Every structure is written in structure tokens, then in C-alpha cells.
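Note sheet for the following structure.
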Amino acid sequence: MDKFTQENGRRYRKYRMTAQLLCIGDRMRASIFRPCLRVLPGTTLEGALRSQFPNPDRCVYTVGRLIRYKVDSLAYAPRDRALNTSVVPIQTEFLTDVEAEIYILLNDWTVKFPEKFTLRIGAMRAHGFGIAEMEMTKDKIEPESKGGYLYTRIPDTTKWKNALGIKNVLSPVYGYLPIPERGAITYYQRSLFENTYLCADDVILADTPQKTEEPITFDRDPIAPILVSLAKENPPQNLPAHLLNSVADVLAKYGYAIADLFLGDKSTKKTSDEKQVEAIKKHIAFLRTVQPTSNNPTLGASIIKRLNLINEWKDSFQPPADCQEPPRADPTPDPLEKEINSVIESIKKSQAYEQVKKFKGKFVIALADAYALYGGEKTLQRLNESQQRWRASVRKGQPEDVVDLAREIVQTIDSSTLLPSHPQIARLVIRSLQKDSQPSKQHSTQRRFER
Amino acid sequence: MPHEIDDPKAEFHDIGKLLNWDALGLKKENEKDPHEFEKCVGDLERWGVELKGSAWRAITRKNEDRRKKNWPDSYAWIFVSFADELAAGYGRKIPENEVKVDPNRHYDCLWRSESTTEDPRLKKPEDLKEMIQFLNKDPSWEEAKEKYGDRWKKRAETARPGLNVTTLLSHSEVTGKLARILARMDWSDIDPRTPWEEVKKQVNKSHRKLTICHYELNFVQKPFRARDLGVFSALKNALNEIESEFPDNVLSRFENQIIAVFESEEARENFEKHIFKRGFFFRKRTQQGMILEIKRHGIANFKEGHWNFHFPQELPEKIELPLCENCQMAQAAKKWPQDCPEVTPEKEEEMTPEDLCEDCFDLRERHQPLRKLPTWREGSVVWLMIHLDIDALRTTLTCLHRCFLQEKAPNIKKRWVKKLEVSYPMLVDFFEDYKNYLKSVHQTLDTLMGQERIEHPMDHLWCIQLNERAEVLDIIEKLYELSLESFPKLLSDSISYPIRHTLSISNPKYPFFQHWRFFQDASEEVEIQLVNSGVARFRMKDSQSILQVITETAKDHRASLHKLSAIATISPALAQLALLEKGEHGLKLDEIESLVKTKQLDLQSARILANLAPKGGKNDG
């Protein structure tokens, strides 16, 4: 018996499934065409989970709903190895860029499934299809019984019906699902297909009948809530296009952390209006904390590039005011960002950094440029060779320790793993280390004005 | 059954409305705009009326004395009266004194612009005499329709202005069918001499129920190639046979849809058995209620009924291998083409072997497949399906009728306008025009593309060979013109066009069941699928302006459209933002921008249409 189910009532665990290529093959037609299903049958998911977590004594009851996908097809000729020939080419449909939500009924075994794992599912796995990343998004969901349209395919058996809380099948849509045993199909089982109207656990139901390939409407558009949120903030409309384009370019190529460094560097330049830079920084920080821009900087970049147009967009297209907030994301730093953070942290902890009161101006620019131009080794060499010249670039009143600090910076960067191979980013890191003990004149004027 | 089961001939009950009694000088004093013979002629016998046939029985049903004298034991008057109430338009629900404007005898169509205000009634004494002589012969409905059909069509069921929106013909036909269905019920608990109001009370207390079902017949097969498309000829035959076997039960039939009425559960089951017998399944929604309850809600008003699927028989729990490749719902007992005696060994070699069940094998063997499609080896084909959405039709007509009523009877109380509901005979009028529309589409396609390039498996389904894809845009233009001609008032901003036009373009060998799946899902007014590329969706009323803009834009900015649409596949909102970009890097799609802003077109649709637009002009890519 399923202990968990017995003790705590029925609960589901929800996973988010993503796959680049997925082929849930329907039956071959006329020996030349293999259509791909636009649904995830319960038996397919069950089979995949069983082979991932084998346990002959336990059942897996699971359903999945495709949220997003595109349909594509390919033609290939399977090889008959015995005859050493290729058979007639088959056109196979498959899905790309797939996102789905999977619900697994919890029992004493399925409750032990990890929060993150890779599932091999569907057909053509030998050709690289069906590698699906599973990530738990919600645990112990208590189902509610209600009426609705089934969005998946499940065997019409008492076991499955009981497991998924199916009480009353009001309008069945029947079909047959293959039941495999030891890798080969042994028989076809009568099954309930999508759009069956029934009373069951709400996690297996849709409010309206399923349709294939529906257009992305506003409520399914992942970017729309972000644009609406940005529009609410009333972003400035006169941000310089060259700055937006440069930031967007950096963001798309190197991600949020580097874009932030880049902007930080811009704010120290007299050519940029600090207020404008701050505005962009604020919006970048926002994009980083919401889905789907958080883990897709390219998307974030395409919004940043058009930041000036957001108000016009709001006026022209009038998005619904009651639009939901974009889902929050926990920004996880990538390896390069982690490294940058640790480099900066270790430099800032160093004695030399502590001792230098001011670390800014020409010296930092020269050091950063030298690193970007010559790399760590040569910069150190030059630092040693022409220590006098370096010293000369130090501002009046600055202790000479600044050269030691420069040496430490270069050495710390060089000892890291990724930064030496990204000298331009290292340049930004060095520039970001500038210290400013006293607020500049411009700053105080601005503050007064703001007050 | 205790009473006679002869035809009540309820179709004739309102024939008096075809006569202008005032002009004939036969209107009795104190009678306000009557149309009944006995209220006008008075002494019927003096005019040569021979009260013998069923037609006269239906016409004079309201006169109790005459009824008791001539047909004392007949229930026909009850059937005709109830059927008349059931098939009545909205006008009967509004009290007489509510619309105080001069009556309009002519029919005003809600969806067509042209309207004649000419009074269609006969006004000469000779006409009356001729009609009486005709009725004395107790003619059939077909004979009567041949003689007076045109007038029936032009005369409104209700003469009150704003309510004259249903033809007398559709009202009479529906009344006729319903009366025959009612006659099949057991009425032995009611004495036919009972006064009408008493009969109504008794009927209200009884358990007599009418069942009205909306069926959509379908096949379990998933047709792949032309040889499987014989399933359409089988479906067409089945629909024709069912209609001729149950002429009274079938109130309306169009496409693969049937609206049928049943007097009992046995009658419904028997009807459904006949569908299953022919190998088809259906989805159905039902309205059931007492006679007067149905009258209150309106026939075929399936407000809350959702669709239920029904399969031919109890399907087996398990099917052993091999499974039928065509329907995938039964075990394959036959092999194609080996088991087919008509296939020669030479042909057999060309064909791919398939495992089929008895039904699918039989279907392939017996029914005519499509002949032209297999010969179209090059280029593309477009499948066109036209579909009438009855729920959308009801909503649209209700909206139009409300506006029309307010315009013609401005003093009418708002609650009558608010409560307004479309009557079934009005839908019947529409179905008739819809069938004519389908015919005109076929004729136009024939002229435009040539007969040799068209397959026409069903009344609402076509397969057309394309020399170039741009021809699809010509087809849409023609469909728009025909829609404008047939239903001009339905192509408006405020209401939805209930006729869906779905087109799917692919190479000729592309599996048909994929097109079919797309057709089943379509819900927009116009949807065009370019297989492996995407779907364009827009409203029929906008089609002309959209096609114009697209054809112009595609000449020079095809690449920009593709770029924009690629963004739209990720996020339409982001694409809208990109569309606003001006200056050097902007996409320069001003006309598209205005269509997108007004929500007439989305960007994916623009790309698909641009792909269909004729090549030429410089490409900005």
C-alpha cells in the first residue's frame, strides 16, 4: 500500500518539465508518417519515471500538461542492420522548446523523488530526443474535486481512476493507449482521452476543452506582465539610445552582473547623467528578479534596448490594468559572476585595500586598461618595471601603498579561473573597485536639488 | 394509440395570413387585423369551403363549435396549437398593445440589406376562391409550397414592426414537423373536446416531455490519404439517409450537424442506433423539458448543455495486436491491399501494406475515394472548410434583433428588448441562406479555379489544387465578397460573424487527419494554416483591408515581418514594443502597426499572410 497516501490523504507534487526536443510518437501512419502527440499521456510519463526510479512494488500515477511547445518535423531512414539497407524514409513530427507541468501522486516511494532530476522520456531517445529537466515547483498539493475537461490521456482502469480521484465520467472521449511490457507493446488499453468531461482531482482538469497550437494570448504572454510592471514605474523616455544599446549588448552577451558593472563604470564618467544610469540600473535589477528574464538575459536585453518606448507601448496597446505581477525569480549567479564577487570580496578584504584611502582616477583607468590590453602577467611586469611611472600617476596625497594594491588586484584576478580569459570583464572589475570616500561636488548638488 | 395518427398538416394553419382580408372586404367588424378564415369569411360554406381535409382542420382549429361538429374526436387541433406555440417567434411573448405602430406584413431579414416593403398578401376575391378550391383538395405540403411558397417566404410570421423578422414559411414548416412529433405521443388522458386553456393545464401536469438534440456526426477514422477520404461520401450518404428516414424528427440539417426533436426516449435511442449502424460516432447536447417549458426557453436553446461524446458500441477494454492503423479503435482483422480482390498484383506492389479493421477495410473498399487528389503530385493544395457556429449565430442574431426592434418600435419597453431571444424558425431561415451561401461558394470556386482543380467531398469542405500559394489570398477575397453579398449585416465591428472559414495549406501528400485536427479546433472567423509554418487568424470583416496591406508590405518588407513575427512567437507584447521602434533601426511597418494597434491582426498572422503574398519587389532582408 502507499503509506504516504494512507497516512496523509492524497497529495500531489508538481514539477516543471523543460525539454529542447521531445517526441511523443503516435502510431505510425501508412508506414511513412509518425505524428507526434500534443499531449503527455499518463502512461508515457509513468514509463519514463519507472525507468528512472525502478521499483517493481510501487505504482506511479502521474499526469502532465504541455504549457508551451513548437511543432517541427524531420525525415530519416532507419537502418535495417540485418540487410544493411535503409528503409523508406519516415517523416517524424516532434516538439521543440517544450515546457510542461507534471503532477505526481505522492506515496511512500514517489515522495522520495529528488527535487531536480533529468528524465528520459518519449521516442527517439537514442537520437538525443526526450532529455527533460524536472524541477519541483510545489509539494504536497491537496487536490480539490471538481468537474472539468481532462487535458491528458489515462487508462480507463479502476486503478488509475481511483488514484486520480475520478468519480464520474460524464462525457468520455475514448481511445486506446499502448501498454508495453519489457519494452514491447503487448496490447492496447481503452483509455480516457483529452477533453473527456469528468469529475476528478482538479490537477488533471482544464476549464475549457483543449486545443492544439493556440495563439499566445496576453494572459499567456510571459513578457507582458513585465512590461506592464515597468510601465507602472513610468520609466524615463529620453534615455540616450547609445547607452541603452550598449547596456543591452553587454547584458545579452555577458548577463546581468556584467551589465551592472558596465553601468557602474558609466556612472563614474562625466559624460553620462547619473540619474539616467541609475534608472537603467533599477530596471535591470528588476528584470533580474522576475521570470522569464531572470534566466534569459537576451530577453532582458531586448526590453532594456526599448526602455524609452514602454510608455508609448502602454498608451498604444493599452494592456489590461488587472494584469498579474510577473512571477518572482531567485537570481542564481552564474560561475563568472560568482568568481567576480569572490575576487572583489577578497580584494576588498586585503590589507592594501584597507590602507588606501582613495583608489580612483587615472591610476585605476590605466591599470584596468593595461590589464585588458596586456593581460595579468605583462601588467605585473610593467608595474614592476616602471614603478616610478606608475607612482607618478598616483594623485597627490595618496599613499604609495596603492601600487601594492594594484599588484594585489592583478594577482588576485590572475589566480581566478575565468577572469583571466575575459580581460575586458576584468577591466570592468578593476574599475568597479574605485573608492570614493567623499561625495563629489556633483553629487552634493544633486542631492540638494532632490531635497 | 387511441387517436388517429394521420398527418395534422399543421403547415397550413396560418395560410390565412397570405390573404389581405381588409382589401377583400371580408374583415368582420371589431376584429383587429385577423388572419383566420372563420374570423373573416364567417359563413365558410357559402364560399365553397368543404370542411373535410386535414388542411382545413388545421386552419379552422380555433373554432370550438366547428371543431366539435366536424372533427369531434380529433386531437389534431391540440397538436397544431402546441406546435404553433412552440414554433412561435418572440412577438407572441410581447403583449399586443406594446408595439403600437402600423403592421408590416413583409419579412425583414436581419442579416441581408435588401428589403422589400411590398405587402405579399393576395387581395383579389378570385385569389381567395382559388385558394379555397386548392385547399378543398386537401393538398400535400409540397404542393402548397410549390403554389404559394414564394408568398410564404415573403410574408412575416408576426406583422408587428420590429418583430417581422421570421418568414411564415419557416414558422409553418417547423410547426408541421413538431405537430407530427407531438401526434406520436400518447394523449389518451386528455379528452379532445376539452377547452384549450384546460388542455394546457392538463398538459402542464402530465409527464409528456420533448427532447431536442444537437448532433455533430463524426468518424472515428483518422484519414491519411485520398483513398481514406471515401469516409466523407459515407458520411454524406449517412446524413441523407437519416434525414429521409426521420423527416419529422430532423428539424434542421447542415454540414455534419443535425438538430432533431423526439417525443420519447425510445425514439431518440432508435434515431441514434441508426447513426451508429452506419459506423459513425457523434457528440451531442440535449435540451429536455415539458412542452410548455420548451416553449418558454425556445427550441434548441442549449444554454447550459455541454457536448457529450457517444461511441457506436461498448468499446472493448483491451485490444490485442495488431491495432487498426486507420481508426486505432479496433483490432485489425484485414490486410490492405492483400485482402482486397479489386487490387491487381501490380497495384498491390505500389501500395503500402496496412492492417485494417473490418469497418475501415469496408469503408475503403465500398466508398468512392477522392479521384483528383492523388494525381496532384506537385505544388500545394488548400483544404477549405466552412462551419456555422450556432451559439455564435444565436448571440449575433439576438444582438441584431434588439437593435432592429428598438429602431422600428422606439417606444417599446426596455425589458422586452432585454428579454429578447431568437426563435428557432429564425435560425431555420438562416440555415436556408447558409446552404445557399455554400452553394455560391462552390460555384465561385468552380469559376475561379476550374472544376479540374477542385475536390468537393462535403457541402462545406473543399480541396483545391494551387498553382501558387498566392491563390489562397484570391480565395479569401472571394469568400469575403460572397459573405458581404449574402450576410452584409453580419460583417460588422460590434458582432461576431458566426460562419468560420478555415483553410489549411500543405503539399498534396500531407496527411489529411492533420488538416482535420486543425479544422476541429478552429474558432476564429478566418483561420489559415500554412503547415509547418503557423496559423493566421483574423476577422472576416477586416479581410479585405488586411490583404491589401499585407500584399503591399510583403513586396518590400517581408524580412522585417519575419523578424517581428519571430519575436512574437516568444512574446507578442515584446513584438508590439519592437514595432514601435522608429528611425534607422526601426522596422518601418507603419501600416502593419496600425492593424496591430487596432487588434485587427497579430504579427504571426501577418507573417503567414506575407508568406502567401505574391513574390516580387525588393526584399529588405
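The values are calculated or read from the model by the stated rules, or taken from the named source; none is laboratory data. Computed from a prediction, not measured in an experiment: that's the story for all the values here. Here Cβ is always computed from backbone atoms with ideal geometry, including for glycine, and neighbour counts include all displayed protein chains.
Cβ-Cβ contacts under 8 Å between residues 6 or more apart (or on different chains), taken from a first residue in the stretch B:170-192 that is over 20 Å from B:GLY89 (Cβ atoms) to a second residue that is of a type in the set (S, T, N, Q) and in a helix (DSSP H, G or I), are listed as B:ASP189/B:GLN202; B:ILE190/B:GLN202. In the stretch A:142-155, of all residues being crowded, with 19+ Cβ neighbours inside 10 Å and either aromatic (Phe, Trp, Tyr) or within 10 Å of chain B (Cβ to nearest Cβ) (or both), the one that is nearest to B:GLN313 (Cα to Cα) corresponds to A:PRO155. The set of residues in the stretch A:156-196 being surrounded by fewer than 14 Cβ atoms within 10 Å (Cβ to Cβ) and among the acidic types (Asp, Glu) consists of A:GLU181 alone. Can you find, within the stretch B:216-233, the residue that is nearest to B:ARG253 (Cα to Cα) among those that are buried (at least 20 other Cβ atoms within 10 Å of the Cβ) and among the small types (Gly, Ala, Ser)? Ranking the qualifying residues of the stretch B:216-233, first place goes to B:GLY230.
State which residue is nearest to the other protein chains (Cβ to nearest Cβ) when the search covers only the stretch A:28-47 and only residues that are assigned to a loop (DSSP other than H, G, I, E, B) and touching a residue at least 12 places away in the same chain (Cβ under 8 Å).
Narrowing the stretch A:28-47 to residues assigned to a loop (DSSP other than H, G, I, E, B): A:28, A:30-32, A:35, A:37-39, A:41.
Subsequent filtering for residues that are touching a residue at least 12 places away in the same chain (Cβ under 8 Å) retains A:28, A:31-32, A:35, A:37-39, A:41.
Details: A:MET28: 8, A:SER31: 5, A:ILE32: 7, A:PRO35: 7, A:LEU37: 11, A:ARG38: 9, A:VAL39: 12, A:PRO41: 13 Å.
So the residue we want is A:SER31.
The condition of being surrounded by fewer than 19 Cβ atoms within 10 Å (Cβ to Cβ), touching a Gly at 6+ places or on another chain (Cβ under 8 Å) and at negative phi holds for only one of B:LYS129, B:LYS100, B:LYS145, B:LYS62, that being B:LYS129. Within the stretch B:309-333, the residues that satisfy the criterion of being more than 21 Å from A:PRO172 (Cα to Cα), out of contact with any helix residue (DSSP H, G or I) (no Cβ under 7 Å at 6 or more places or on another chain) and in a loop (DSSP other than H, G, I, E, B) are B:LEU321, B:PRO322, B:GLU325, B:ALA332.
Okay, residues lined up against (1) free of Cβ contacts under 8 Å to residues at least 24 places away in the same chain; (2) closer than 21 Å to B:GLU358 by Cβ:
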{"residue": "B:VAL231", "(1), (2)": "no, yes"}
{"residue": "B:GLU243", "(1), (2)": "yes, no"}
{"residue": "B:ASN256", "(1), (2)": "no, no"}
{"residue": "B:LYS277", "(1), (2)": "yes, yes"}
{"residue": "B:ILE294", "(1), (2)": "no, no"}
{"residue": "B:HIS297", "(1), (2)": "yes, no"}
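Set side by side, the residues A:LEU21, A:LEU74, A:LEU95 differ, and just one is modelled with pLDDT of 90 or more, closer than 19 Å to A:ALA126 by Cα, part of a strand (DSSP E or B) and within 14 Å of chain B (Cβ to nearest Cβ), which is A:LEU95.
Are any residues in the stretch A:163-177 in contact with a Phe, Trp or Tyr (Cβ under 9 Å, 6 or more places away or on another chain) and more than 8 Å from every other protein chain (Cβ to nearest Cβ), and if so, which ones?
Filtering the stretch A:163-177 down to residues in contact with a Phe, Trp or Tyr (Cβ under 9 Å, 6 or more places away or on another chain) leaves A:163-164, A:166, A:169-177.
Of everything in the stretch A:163-177, those that are in contact with a Phe, Trp or Tyr (Cβ under 9 Å, 6 or more places away or on another chain) and more than 8 Å from every other protein chain (Cβ to nearest Cβ) turn out to be A:ALA163, A:LEU164, A:ILE166, A:VAL169, A:LEU177.
Could you check how many residues of the stretch B:286-333 are within 14 Å of another protein chain (Cβ to nearest Cβ) and farther than 22 Å from B:THR175 by Cα? Result for the stretch B:286-333: 29.
For the stretch B:39-57, a tally of residues being without any contact (Cβ under 8 Å) to a residue 60 or more places away in the chain, surrounded by 16 or more Cβ atoms within 10 Å (Cβ to Cβ) and not in a loop (DSSP other than H, G, I, E, B) returns 4. Taken over the stretch B:151-166, the criterion of being under 20 Å from the mean Cα position of the chain (by Cα) and surrounded by 24 or more Cβ atoms within 10 Å (Cβ to Cβ) is satisfied by B:VAL165, B:THR166.
For the stretch B:24-38, state whether one or more residues are over 22 Å from B:LEU169 (Cα atoms), at pLDDT 75 or above and part of a helix (DSSP H, G or I). Talk me through it step by step, then tell me what you get.
Here is the first cut: in the stretch B:24-38, the ones over 22 Å from B:LEU169 (Cα atoms) are B:24-32.
Now restrict to residues that are at pLDDT 75 or above: B:24-27.
Next cut, part of a helix (DSSP H, G or I) only: B:24.
Scanning the stretch B:24-38, I find at least one residue that is over 22 Å from B:LEU169 (Cα atoms), at pLDDT 75 or above and part of a helix (DSSP H, G or I), so the answer is yes.
Test of understanding: among A:THR298, A:THR293, A:THR289, which residue is among the polar types (S, T, N, Q), modelled with pLDDT of 85 or more and in contact with a strand residue (DSSP E or B) (Cβ under 7 Å, 6 or more places away or on another chain)? Residue meeting the stated conditions: A:THR289.
Looking across the stretch A:216-256, the residues that are β-branched (Val, Ile, Thr) and without any contact (Cβ under 8 Å) to a residue 24 or more places away in the chain come down to A:ILE216, A:THR217, A:VAL250. Number of residues in the stretch B:351-372 that are farther than 24 Å from B:GLN520 by Cβ and within 14 Å of chain A (Cβ to nearest Cβ) equals 4.
Conditions (1) within 14 Å of another protein chain (Cβ to nearest Cβ); (2) closer than 26 Å to A:ALA224 by Cα; (3) crowded, with 18+ Cβ neighbours inside 10 Å, marked per residue:
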position	(1), (2), (3)
B:ILE499	no, no, yes
B:THR502	yes, no, yes
B:PHE512	yes, no, yes
B:SER523	yes, yes, no
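For the condition part of a loop (DSSP other than H, G, I, E, B), of a type outside the set (Val, Ile, Thr) and in contact with a strand residue (DSSP E or B) (Cβ under 7 Å, 6 or more places away or on another chain), what is the one hit in B:GLU455, B:GLU421, B:GLU524? Result of the check over B:GLU455, B:GLU421, B:GLU524: B:GLU524.
Please go through the stretch B:335-364 and give me each residue that is part of a helix (DSSP H, G or I), surrounded by 18 or more Cβ atoms within 10 Å (Cβ to Cβ) and not aromatic (Phe, Trp, Tyr), ordered by number.
Initially, the stretch B:335-364 is screened for residues part of a helix (DSSP H, G or I), giving B:345-350, B:358-364.
In the following step, the residues that additionally are surrounded by 18 or more Cβ atoms within 10 Å (Cβ to Cβ) were identified as B:359-361, B:363-364.
Across the stretch B:335-364, the qualifying residues are B:ASP359, B:CYS360, B:LEU363, B:ARG364.
For the condition closer than 23 Å to B:PHE404 by Cα and in contact with a Leu (Cβ under 8 Å, 6 or more places away or on another chain), B:LEU122 does not qualify. The set of residues in the stretch A:300-331 that are surrounded by fewer than 21 Cβ atoms within 10 Å (Cβ to Cβ) and over 20 Å from A:ASN234 (Cβ atoms) comprises A:PRO327, A:ARG328, A:ALA329, A:ASP330, A:PRO331. Within the stretch A:29-68, the set of residues being at pLDDT 90 or above and under 19 Å from A:ARG11 (Cβ atoms) comprises A:GLY42, A:LEU45, A:GLU46, A:LEU49, A:PHE53, A:VAL60, A:TYR61, A:THR62, A:VAL63, A:GLY64, A:ARG65.
A quick yes/no check of all residues on (1) under 30 Å from B:PHE518 (Cβ atoms); (2) touching a Pro at 6+ places or on another chain (Cβ under 8 Å):
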| residue | (1), (2) |
| --- | --- |
| B:SER206 | no, no |
| B:PHE219 | yes, no |
| B:ARG227 | yes, yes |
| B:SER233 | yes, yes |
| B:ASN237 | yes, no |
| B:ASN249 | no, no |
| B:GLN257 | yes, no |
| B:GLU265 | no, no |
| B:GLU272 | yes, no |
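Annotation for the stretch B:373-381: at least one member residue is away from every other protein chain (no Cβ under 14 Å), touching a Ser or Thr at 6+ places or on another chain (Cβ under 8 Å), touching a residue at least 40 places away in the same chain (Cβ under 8 Å) and in a strand (DSSP E or B). Please specify each residue of the stretch A:311-322 satisfying the condition of being more than 7 Å from every other protein chain (Cβ to nearest Cβ) and part of a helix (DSSP H, G or I). A:ASN311, A:LYS314, A:ASP315 - these are the residues of the stretch A:311-322 that are more than 7 Å from every other protein chain (Cβ to nearest Cβ) and part of a helix (DSSP H, G or I). Each residue in the stretch B:528-570 was checked for being free of Cβ contacts under 8 Å to residues at least 60 places away in the same chain, within 11 Å of chain A (Cβ to nearest Cβ) and surrounded by fewer than 23 Cβ atoms within 10 Å (Cβ to Cβ), and 5 of them qualify.
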